[in-house]
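Before any comments, here is the structure.
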Amino acid sequence: MSAPRPAIEAAGLGRDYGSTRALESLDLLVARGALVGLLGPNGAGKTTTMLLLATLLRPSRGTARVFGHDLVADRSAIRRCLGLVFQEPCIDGLLTVEENLLFAARLAELPKRDALKAVDDALERTRLVERASQLGRQLSGGWRRLADIARATVHRPALLILDEPTVGLDPEHRDRMWTLLDDERRARGTTIVFSTHYLTEAEACDYVVLLARGALVADGNPAALKATVGNDVAEIEGPDAARLLESARGAGAVRTVVRTERGYRIGMSGPREPLTALAAALPGVSRFAFRPPTLEDVYFERTRRDA
Ligand code: ATP
């Protein structure tokens with residue numbers, strides 16, 4: 001028996017809106033069960049990528065397969081494996097939570113009895129049982145988002161696509177949502193693709209895709225991406241910050257540089273001591289600290305470098 005196809009395979013996938021190249025040419029390989037984070041500044045092409053993968057937009061160029069199904073030729077097969085949460089609430093405010101879920105389950109072609117069971121399960125796992133008979137519009141923002149997730153997962157899709165799912169959620173609802181998605185992935189091997197502007201949310205990903213101006217500027221797992229910045233990030237500030245940077249460059253220890261309001265963030269390779277000694281010799285260095293690299297360092301370095 002041949003191995004199952006990856007969740008997503010894209011080659012040269014791109015989309016234009018008139019003369020705007022929203023997505024240039026994206027190559028992607030996503031394993032089944034992976035948690036994938038799409039990152040990038042506003043207008044980078046994240047939503048466009050997700051709409052393409054969800055078959056809600058036609059590509060202008062390139063090809064892609066979702067669980068082996070062609071994005072253009074096999075749209076209905078792909079839609080059957082999909083759960084979607086986009087930025088606008090997708091539950092109907094005039095229906096109760098339960099009615100919303102039942103409607104979604106029937107739309108996913110579950111037979112009545114299976115649909116009723118699926119709705120009960122979804123209410124249970126999202127802790128919406130007590131709110132089942134409330135109208136969608138009566139829910140607070142956090143519960144509405146959980147109801148969106150319940151709706152998107154009621155038919156237990158193999159691929160979940162979520163566009164900025166945690167925007168506007170308080171820490172408690174955000175935590176609840178991630179626990180829910182995590183459970184879904186562990187219990188059922190669901191592949192999850194989401195976009196976010198909260199870079200810490202991408203730390204748990206198996207695979208991060210960083211886009212800028214419609215092009216992929218970095219991808220990989222978070223540890224590998226952070227390693228491209230160096231083993232340490234030195235934050236330096238003060239009138240002598242530029243001199244310190246030049247000395248560090250001279251010593252060959254600099255991997256990446258990001259300019260900040262008052263100085264620089266330098267991604268360093270090698271030991272800390274030489275830079276520490278150089279900083280001590282410059283009275284105009286007002287702040288000097290080392291810390292481990294973060295995805296934010298990768299983000300700023302890659303998205304600003306080509307600006
Ligand atoms: P954000 O973080 O702001 O949601 P994004 O990374 O999701 O941004 P997209 O929404 O994919 O970015 O937009 C990519 C580019 O395509 C932007 O320049 C945007 O203005 C443009 N664009 C998106 N949708 C349309 C549309 N329907 N018509 C014309 N241009 C569009």
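Please treat every number below as a calculation from the coordinates, not as lab data. Everything numeric in this text was worked out from a predicted model, so none of it was measured. As a convention, Cβ positions derive from the backbone with ideal geometry for all residues, glycine included, and neighbour counts pool all protein chains shown.
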Three-way shape call for the stretch 1-112 based on the alpha-carbon gyration tensor, with the a/c threshold at 1.5: oblate
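Roughly speaking, what is the stretch gain from Glu88 to Arg113, that is 0.36 nm per residue apart minus the C-alpha to C-alpha distance, in nm to one decimal?
Separation in residues times 0.36 nm, less the Cα-Cα distance, equals 6.0 nm.
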May I ask for log10 I(q)/I(0) of the chain at q = 0.09, 0.10, 0.15 Å⁻¹, from a Debye sum over the Cα atoms as equal point scatterers with solvent left out? -0.55, -0.65, -1.13
If exposed GluC sites (Glu not before Pro) are those in a DSSP loop with at most 16 other Cβ within 10 Å, what is the longest stretch of the chain that has none? 110-260
What ranking of Asp175, Asp121, Asp219 emerges when the number of other C-beta atoms within 10 Å of each C-beta is taken as an exposure proxy, fewest first? Asp175, Asp121, Asp219
How much mean residue ellipticity at 222 nm does the chain get from its helices, if each DSSP H run of length 4 or more adds -39500 (n - 2.57) and you divide by all residues, to the nearest 500 deg cm²/dmol? -10000 deg cm²/dmol
Based on the Cα gyration tensor of the stretch 207-255, what are the three equivalent ellipsoid semi-axes, each the root of five times an eigenvalue, rounded to whole Å and given largest first? 28, 13, 10
Between Ala223 and Arg137, take the C-beta separation as r, use R0 = 41 Å, and let me know the FRET efficiency to the nearest 0.05. 0.40
A correct fewest-to-most ranking of Lys226, Lys46, Lys117 by other Cβ atoms within 10 Å would be Lys117, Lys226, Lys46
Could you please state, rounded to a whole Å, how far the C-alpha centre of the stretch 255-307 is from the C-alpha centre of the stretch 8-72? 34 Å
Residue separation times 0.36 nm, minus the C-alpha to C-alpha distance between Arg75 and Ala31: what's the value? 13.8 nm
Relative contact order of the chain (C-alpha contacts under 8 Å, at least 6 apart) in percent is 19 percent
Can you sort Ser247, Ser76 from fewest to most other Cβ atoms within 10 Å of each residue's own Cβ? Ser76, Ser247
Fully extended, how many nm does the chain gain between Val129 and Asp16 (0.36 nm per residue separation, minus their Cα-Cα distance)? 36.4 nm
Mind checking the angle between helix 97-107 and the chain's longest principal axis? C-alpha axes, 0 to 90 degrees, to the nearest 10. 80 degrees
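Using the Cα gyration tensor of the stretch 160-212, with a ≥ b ≥ c the square roots of its eigenvalues, what is the shape: rounded (a/c below 1.5), prolate (a/b larger than b/c) or oblate (neither)?
Oblate.
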What percent antiparallel are the DSSP beta bridges of the chain, to the nearest 5? 70 percent
7 Å from Cα along Cα→Cβ at both Ala3 and Arg272: what's the point-to-point distance in nm? 4.1 nm
Please determine, in degrees from 0 to 90 and to the nearest 10, the orientation of helix 171-188 with respect to the longest principal axis defined by the Cα atoms of the chain, where the helix direction is its Cα long axis. 70 degrees
Based on the Cα coordinates of the stretch 225-303, what is the per residue volume of their convex hull in Å³? 75 Å³
Report relative contact order for the stretch 225-303 in percent, whole number only (criteria: Cα-Cα under 8 Å, sequence separation at least 6). 47 percent
What does the charge count around Leu169 come to, taking other residues whose C-beta lies under 13 Å from its C-beta (Lys +1, Arg +1, Asp -1, Glu -1)? -2
